[in-house]
1. Label-point separation (nm) for K75 and N96, each offset 7 Å from Cα along Cα-to-Cβ?
2. Under 1.5 on a/c is rounded, so check that first for the stretch 24-109, then, if it is not, pick prolate when a/b is larger than b/c and oblate when it is not; a ≥ b ≥ c are the square roots of the alpha carbon gyration tensor eigenvalues.
Amino acid sequence: MKFIKFFLIFAILFFSANISKAQTTATLSGRVTDEQNAGLSGATVQLTNIATNISFNATTNDDGRFVFTELQPGKYRLQARQNGFQTTVKENVTLNVAARATENLVLRIGEVSATVTVEEDSA
C-alpha cells in the first residue's frame, strides 16, 4: 500500500513538472534555402539569446530544416551560413512563452565573408 502511494505521488510530481516546463519554454523551427527555394543540407544555424548572449547551434537536415526546443522566452538573433553562400542574419526574433515559432532563412550565393542582415519592423 505504501508503495502505491509513493508511486502515485512520484507520478504526479513528475508529470506536473514536465507540464510546467512545457508551458514556460518555446520552440523555434524553420528552413534554410537558396534563392530558388531548394533546401540547404548541412547549413549551420546559430540562435543567440540577445539578453544573455547564450548561443545554440543546429545543422540543417537533407531538406534544410532545423529546430531548437526548450528555449527561454525573449529576443534572439538567428544566423545561418553555408560554404559558398553569404551568411544571413535575422535580428530581433521574439519568442513568447509556449510559442512554436517558424523562421525561414534564404542564403544567397556569394562570398562567405559577406553577411546579409534581415530586419523586420513589427506593426
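1. For K75 paired with N96, the spin-label model returns 1.7 nm.
2. Taking the square roots of the gyration eigenvalues as a ≥ b ≥ c, the stretch 24-109 is prolate.
Laboratory data are not the source of any read-out in this text; all were calculated from the coordinates shown. What you are looking at is a predicted structure, and each value in this text was computed from that prediction instead of being measured. Heads up, the Cβs are rebuilt from the backbone with ideal geometry, glycines too, and the neighbour counts pull from every protein chain shown.
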